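*Asks:* Structure in structure tokens, see below.
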Amino acid sequence: MRKIIVFFCFLGLFVAGCFAGDKEKRSIIRLETSLGVIRVALYNDTPLHRDNFLKLVSEGYYDGTLFHRVIKDYIIQGGDPDSKGAPKGKALGKGGPGYTLPAEIDWPYSYHLRGALAMARDPDEVNPERRSNGSQFYIVWGEYYTPSALQKIQPYVLEQTNEIVKFNYEHISKYEQYGGTPNLDGQFTVFGEVIDGLSVVKKIQKCKTDSADRPLEDVVILRAVVEQKNSDGK
């Protein structure tokens, strides 16, 4: 199986409300990590990903897993079950629950601002439908983009999305103000956002890593907890 990756081609509550989607009665997940607590809200506009994440968290699936792939000024990635108790030097990033999820890419409403929660997936050449891995997720850190910098990557994003993803005034303004990874827009399912603990994400993305982007000192999800469950308004 190929390693699940996020393609190359991110301080607190201020980002809450920057993302689109139904913000009423959202499910809340608490990730208790070895470097602090991160709380995320799940979008109701991506119900398959929302319900799958709730299910896995409720089952304790993420407890003891690592943030096994960390790239400074880009993303932190976790959710590989093979990372539980993994010895130093073990290759990680191939694991999952044995299924994938249909893409729920909600452009132009959900995009990769700093704090975005999205699912990793196999690359296009083996996954043309851009189905998500069943458990591996990433949280965006990214960089700030001026309007001119965003304009420079626009051709690449258009090419990757069959001319679908065109940055509008809102995207340009928010990427300049908050930062993120706009080169991933329209290609991965964004299904939630950090509502508390973005300072912890900042700390994790600064960790020193090995040649495989694994932190030299393990960053563990000690426990993942459903704080609030709202599936289809219930």
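The values are calculated or read from the model by the stated rules, or taken from the named source; none is laboratory data. Everything numeric in this text was worked out from a predicted model, so none of it was measured. FYI the Cβ positions are ideal-geometry reconstructions off the backbone, even for glycines, and counts take in every protein chain you see. Heavy atoms of the whole protein, side chains included, go into the accessibility calculation; ligands, DNA and RNA do not. Shrake-Rupley method; radii C 1.70, N 1.55, O 1.52, S 1.80 Å.
*Asks:* If each of Lys88 and Ile164 carries a label point 7 Å out from its Cα toward its Cβ, how far apart are those two points in nm?
*Replies:* Modelled inter-label distance: 4.4 nm.
*Asks:* Give Lys166/Lys202; Lys88/Lys174; Lys84/Lys202 a once-over and call out the pairs whose C-alpha atoms are over 31 Å from each other.
*Replies:* Too far apart for the 31 Å limit: Lys88/Lys174.
*Asks:* How high is the FRET efficiency from Glu227 to Leu48, r the C-beta distance, R0 22 Å, rounded to 0.05?
*Replies:* 0.60
*Asks:* What full-extension length gain, to one decimal in nm, is calculated for Glu129 and Glu217 as 0.36 nm per residue of separation minus the Cα-Cα distance?
*Replies:* 28.2 nm is the gain from fully extending Glu129 to Glu217.
*Asks:* Using the C-alpha gyration tensor of region 148-206, what are the square roots of 5 times its eigenvalues, in whole angstrom, with the largest one first?
*Replies:* Semi-axis lengths for region 148-206 are 24, 13, 11 Å.
*Asks:* Need the C-alpha centroid separation for region 77-110 versus region 156-234, integer Å.
*Replies:* Result: 13 Å between the Cα centres.
*Asks:* Run the helix sum for the chain: -39,500 (n - 2.57) per DSSP H stretch of 4+ residues, divided by residue count, reported at 222 nm to the nearest 500 deg cm²/dmol.
*Replies:* Result for the chain, helices only: -5500 deg cm²/dmol.
*Asks:* Rg to Rh for region 88-191: what is it, with Cα atoms only and Rh by Kirkwood?
*Replies:* 1.00
*Asks:* Along the charge dipole of region 56-163, pointing to its positive end and built from +1/-1 on Cβ of Lys, Arg, Asp and Glu, which listed residue (Leu56, Pro108, Ala86) has its Cα farthest out?
*Replies:* So the residue we want is Ala86.
*Asks:* Which of the following values of volume of the Cα convex hull per residue in Å³ was calculated from the structure shown: (1) 103; (2) 130; (3) 112?
*Replies:* Of the listed options (1) 103; (2) 130; (3) 112, (3) comes from this structure.
*Asks:* Counting heavy atoms of the protein chains only and a 1.4 Å probe, report the per residue accessible area for the chain as a whole number of Å².
*Replies:* Computed with neighbouring chains in place, this is 43 Å² per residue.
*Asks:* Shifting gears a bit: Using the Cα centre as the reference, give the magnitude of the dipole from point charges on the C-beta atoms of region 103-160 (Lys, Arg: +1; Asp, Glu: -1; all else neutral), rounded to the nearest 20 debye.
*Replies:* 200 debye
*Asks:* Now a separate question. Can you give the charge dipole size of the chain about its Cα centre, rounded to the nearest 20 debye, using +1 on the beta carbon of Lys and Arg and -1 on the beta carbon of Asp and Glu?
*Replies:* Its charge dipole is roughly 620 debye.
*Asks:* When you count, for each residue, the other Cβ atoms within 10 Å and take the mean per peptide, how do 109-119, 31-41, 64-74, 84-94 rank with the highest first?
*Replies:* So the peptides 109-119, 31-41, 64-74, 84-94, ranked by packing, come out 109-119, 64-74, 31-41, 84-94.
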